[in-house]
Amino acid sequence: MKKEFQIVVLAKQVPDTKNVGKDAMNADGTINRAALPAIFNPDDMKALEMALMCRDIIKKENVDVKVTVITMGPPRANEIIREALYRGADDGFVVSDKRFAGSDTLATSYALSMAIKKLGHYDIVFTGRQAIDGDTAQVGPQTAEKLGVPQITYADEIIAASTDAIRLKRVLQHGIEVVETKLPSLVTVHGNAKDCRSRHAHLVIKKKNTEIPMLTADDLNPDFERLGLKGSPTKVKNIENVVLAKKESIAISSDDEGIKGLVEDLTAAHIF
Ligand SMILES: Cc1cc2nc3c(=O)[nH]c(=O)nc-3n(C[C@H](O)[C@H](O)[C@H](O)COP(=O)(O)OP(=O)(O)OC[C@H]3O[C@@H](n4cnc5c(N)ncnc54)[C@H](O)[C@@H]3O)c2cc1C
């Protein structure tokens, strides 16, 4: 019997770095997370939409398809699982444990890969390209490496999907690329991808009291040496506030003479 087609979305709850107030930074330069509202990481919302679109395509093959959202974070990260359920995800859980504290991207991707393996079976994992707080864009690719599956990064649009393969459009600096991979595989979704569908009123009513399961480190049967600070070789040596200050400015007149001078200056500086 064919197994249920399992789509996984990795989503992170992040501080809203667009609404930074005066209390946003601690005196030592670290983020004061308590002073910032927590939101669904924007790229992950796009990953959720791509997962839901993928489910719609695969369903046409008369296959049972499920979208499961996983987040690792404090217990309140269940807010983003609920948000995903309101928008159409079928299931989700939080992975939370004090033993994950201090995780760098290596330890985070290890814990997430163990959480995915806990499902027993998966076909596609969608992640955001990048989280707006850590900003490394490493967790998706590192998770693929730990799962031992191929990865497509910077995905912008699904071109085709079946139970065996997925074809996607990738956005690159100098153009676009269409690539296909066999499943299982992992896809990181670019911020230019389609916006996520809105909440469905009937799902809000149905799911508002749904209990969101929480898994601890013990549930993942991990190698405890690879979790949290112990499993994190990245050491932050120093954090500095960098304020980019304009040192000099040049006024350019908006006539032909001004533009000609600007082009000459940029050419002389080898910018053109
Ligand atoms: C030494 C060190 C100590 C740190 N200690 C802490 C700490 O104590 N507390 C803390 O909050 N951060 C800590 N961090 C930051 C932490 O490492 C990163 O936030 C985390 O590893 C994810 O990396 P990122 O934010 O760059 O994600 P990216 O690599 O930019 O994320 C890419 C994608 O991966 C997925 N993803 C990433 N993280 C998660 C997650 N948690 N759950 C589900 N999906 C996810 C999302 O889909 C996301 O879009 C520490 C970092 C270092 C280097």
Over all Cα pairs of segment 129-265, how is the pair count split among 5 Å bins, expressed in % and running from 0 up to the last occupied bin? 2, 7, 9, 11, 11, 12, 14, 12, 8, 5, 4, 3, 2, 1, 0
Positive-end extreme of charge dipole, the chain - chosen from Thr181, Gly88, Val14 (charges on Cβ): Gly88
For the chain, convex hull of alpha carbons as volume per residue, Å³: 203 Å³
The exposure ranking of Phe224, Phe5, fewest beta-carbon neighbours within 10 Å first, is Phe224, Phe5
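Quick one: order Val95, Val125, Val242 by neighbouring beta-carbon count within 10 Å, fewest to most. Before the final figure, lay out each step's value.
Numbers: Val95 22, Val125 28, Val242 5.
Starting with the residue having the fewest Cβ neighbours, the order is Val242, Val95, Val125.
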Cα centroids of segment 215-272 and segment 160-204: how far apart, whole angstrom? 27 Å
5 Å is the cut-off here: which amide hydrogens, built 1.01 Å from N in the peptide plane, fall below it relative to Asp91, excluding neighbours closer than 5 in sequence? Val67, Val69
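Using a Förster radius of 35 Å, what is the FRET efficiency between Arg167 and Asp133 based on their Cβ-Cβ separation? Nearest 0.05, please. Numbers along the way, then the final one.
Details: r = 32 Å, r/R0 = 0.91.
Working from the Cβ atoms, E equals 0.65.
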Residue-wise HN-Hα coupling along segment 214-230, computed from phi with Karplus coefficients 6.51, -1.76, 1.60 (Hz; x: Gly, Pro): 10, 9, 9, 4, 4, 5, 8, 6, x, 7, 4, 5, 9, 9, x, 4, 4
What FRET efficiency do you get for Ala201 and Glu264 if R0 is 51 Å and r is their Cβ-Cβ distance, rounded to the nearest 0.05? 0.25
Evaluated at q = 0.10, 0.16, 0.17 Å⁻¹: base-10 log I(q)/I(0), Debye formula over Cα of segment 1-109: -0.36, -0.80, -0.87
State, to one decimal in nm, how far the label point of Asn62 lies from the label point of Phe272, with both points 7 Å from Cα in the Cβ direction. 6.4 nm
Tell me, what is the percent relative contact order of segment 133-206, built from C-alpha pairs under 8 Å that lie six or more residues apart? 31 percent
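What is the gain in length, in nm to one decimal, between Lys208 and Ile252 on full extension, counting 0.36 nm per residue of separation less the C-alpha to C-alpha distance?
Details: separation 44, 0.36 × 44 = 15.84 nm, distance 5.72 nm.
Difference between extended and current length: 10.1 nm.
Longer than 26 Å from Cα to Cα, which of Lys66/Lys169; Lys46/Lys246; Lys46/Lys230; Lys182/Lys208 are they? Say none if no pair is. Kindly include the intermediate steps, with their values, before the conclusion.
Values: Lys66/Lys169 23 Å; Lys46/Lys246 35 Å; Lys46/Lys230 32 Å; Lys182/Lys208 36 Å.
Result: Lys46/Lys246; Lys46/Lys230; Lys182/Lys208 exceed 26 Å.
For the pair Arg33 and Lys3, what calculated FRET efficiency results from E = 1/(1 + (r/R0)^6), where r is the Cβ-Cβ distance and R0 = 35 Å, to the nearest 0.05? Before the final figure, lay out the partial values.
Working: r = 39 Å, r/R0 = 1.12.
Computed FRET efficiency for Lys3 and Arg33: 0.35.
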What residues qualify as long-range amide H neighbours of Thr188, i.e. H under 5 Å apart, gap of 5 or more or another chain, H built at 1.01 Å from N? Thr127, Ile152, Thr153, Tyr154, Ala155
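For the chain, calculate the relative contact order in percent as a whole number, restricting contacts to Cα pairs under 8 Å that are 6 or more residues apart.
Values: 513 pairs, mean separation 62.2, N = 272.
Result for the chain is 23 percent.
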Listing Tyr86, Tyr110 by rising number of other beta-carbon atoms within 10 angstrom, fewest first, gives Tyr86, Tyr110
Along the charge dipole of segment 1-79, Cβ charges K/R +1 and D/E -1, which of Val65, Met25, Phe40 sits furthest on the positive end? Val65
Candidates Ala137, Ala245, Ala111, ranked by Gaussian network fluctuation over the chain, Cα under 10 Å, top entry: Ala245
Across segment 188-196, in residue order, what do the Karplus-derived ³J(HN,Hα) couplings come to in whole Hz, using 6.51 cos²θ - 1.76 cosθ + 1.60 with θ = phi - 60° and x for Gly and Pro? 9, 9, 6, x, 7, 5, 4, 4, 6
Which of the listed residues, Leu147, Pro75, Gly134, is farthest toward the dipole's positive end in the chain, when Lys, Arg count +1 and Asp, Glu count -1 at the beta-carbon? Pro75
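Only the coordinates and a few stated rules stand behind these numbers; no lab work does. Just so you know, these numbers come straight off a predicted model, no measurement behind them. When we count neighbours, we look across all protein chains shown, and the Cβ atoms used for this are built from the backbone with ideal geometry, even at glycine.
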